[in-house]
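The values are calculated or read from the model by the stated rules, or taken from the named source; none is laboratory data. Quick caveat, the model's predicted, so the values are computed rather than measured. Here the Cβ positions follow ideal geometry from the backbone for every residue, glycine too, while neighbour counts run over all protein chains shown. Side chains are part of the model used for accessible areas, which takes the heavy atoms of the whole protein and leaves out ligands, DNA and RNA. Shrake-Rupley method; radii C 1.70, N 1.55, O 1.52, S 1.80 Å.
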Amino acid sequence: MVKYYNRVRAVDGVSFRVWQGEIFGLLGPNGAGKTTIIRMLTTLTRPTAGETYVAGYPVGSRQVEVKRCIGVVPQVNNLERELTGRENLLLHALLHRMPRDVRERRIKDLLAYVGLEEWADVRVQHYSGGMARRLLIARALLHQPLILFLDEPTIGLDPPTRRKIWDLLQLMNREGVTVLLTTHYIEEAETLCHRVGIIDRGRLIALGSPAELKERLGSYCVEFLSARGTKRRFFTTRAEANAYAQSQDVDTVVRRTDLEDVFVELTGRDAGELA
Ligand code: ADP
């Protein structure tokens, strides 16, 4: 996939596959190109170049089939604020031409699934951020898509609400939905994703399971403060890391490597840009 906006190389040649049944995460700092990738995969933006397939269909020429197979949770809440939760779902069901009996059952089930039964007949303008995000997920699942795309599913949510969304995504994944999400939260990628693609400046700079990515670097990290800032060294075993730490004449911390380390080592830039 390639996408240029005039001189801006938003996506500069990115290629990857997502397996059926996976939770796949695109991880990267703001402006890396994640949203643009999702928009191209969900038919909302035309690529400058490249070929993309979703559920076996070429996205460029089979948009209707692609749309039938996917659910999309956008980063920005685009629910109808004047309508209730139930009415928002009904509107979506009508757009998808779902038969009456199917849509009524499905709406009822999904409101229960995302824990919004008691709020179903309240206007969306009165919902909290977490409730709106849950309704967006219910809406995206209404027509029983094979693949769910979520752009920053927990951005702006407090930690307990974030965990509820994670539970919901894991539950639906266990029930067979393939999930492709973007995130700039390391913890989200580590907790949820079977595999992660790290995106930086429009390019895919690493791809693998969180464990693989960390192992490639060395599973243990020795961190210490030098005159030129924080230094990190990576080791395969804790014993090697401990031996190195003890040989230093400054205070050190020995810990497990995380995905933030992977990002910093690959880009040579501070992880603050990712947070
Ligand atoms: P991310 O989702 O990783 O934060 P985006 O895909 O939103 O990144 O953006 C990637 C780059 O493309 C950024 O430099 C952004 O400013 C630029 N960009 C995104 N959409 C547009 C657009 N419609 N017009 C011009 N530039 C855009």
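Some observations on this one:
- Computed [θ] at 222 nm, helices only, for the chain once each DSSP H run of length n ≥ 4 contributes -39500 (n - 2.57): -11000 deg cm²/dmol
- Our Cα-only numbers for the stretch 2-207 put the radius of gyration and Dmax at 16.8, 50 Å.
- Folded to 0 to 90 degrees: helix 85-95 orientation relative to the chain principal axis, Cα: 70 degrees
- Ligands, DNA and RNA left out, the accessible area of the stretch 213-270 computed with a 1.4 Å probe is 43% carbon and sulfur.
- Over the stretch 102-173, the fraction of Cα-Cα pairs per 10 Å bin, rounded to whole percents and listed from the shortest bin up, is 19, 55, 25, 1.
- At R0 = 35 Å, FRET efficiency that the Cβ-Cβ distance of residue 97 and residue 16 yields, to 0.05: 0.60
- Measuring between their Cα centroids, the stretch 28-100 and the stretch 153-202 lie 17 Å from each other.
- Nearest-ten-degree value, helix 238-247 long axis tilted from longest Cα axis of the chain: 40 degrees
- The C-alpha atoms of the chain define a longest principal axis, and helix 159-174 lies at about 70 degrees to it.
- Gain on full stretching of the segment that runs from residue 191 to residue 77 - 0.36 nm per residue minus C-alpha separation: 38.6 nm
- Pairs with C-alpha atoms separated by more than 29 Å, drawn from the list 34/164; 3/67; 3/231; 34/108; 108/164; 3/108, are 3/231; 34/108; 3/108.
- What the Kirkwood sum gives for the stretch 213-270 is a hydrodynamic radius of 11.5 Å, with every pair of different alpha carbons counted.
- The residues of the chain have, on average, 53 Å² of accessible surface per residue, using a 1.4 Å probe with all protein chains present.
- Contact order for the stretch 177-229, expressed relative to its length and based on alpha carbon pairs under 8 Å spaced 6+ residues apart, stands at 21 percent.
- Length available on full extension from residue 238 to residue 171: 0.36 nm per residue minus the Cα-Cα distance, which gives 20.7 nm.
- Length-normalised contact order for the chain - Cα pairs under 8 Å, 6+ apart - percent: 23 percent
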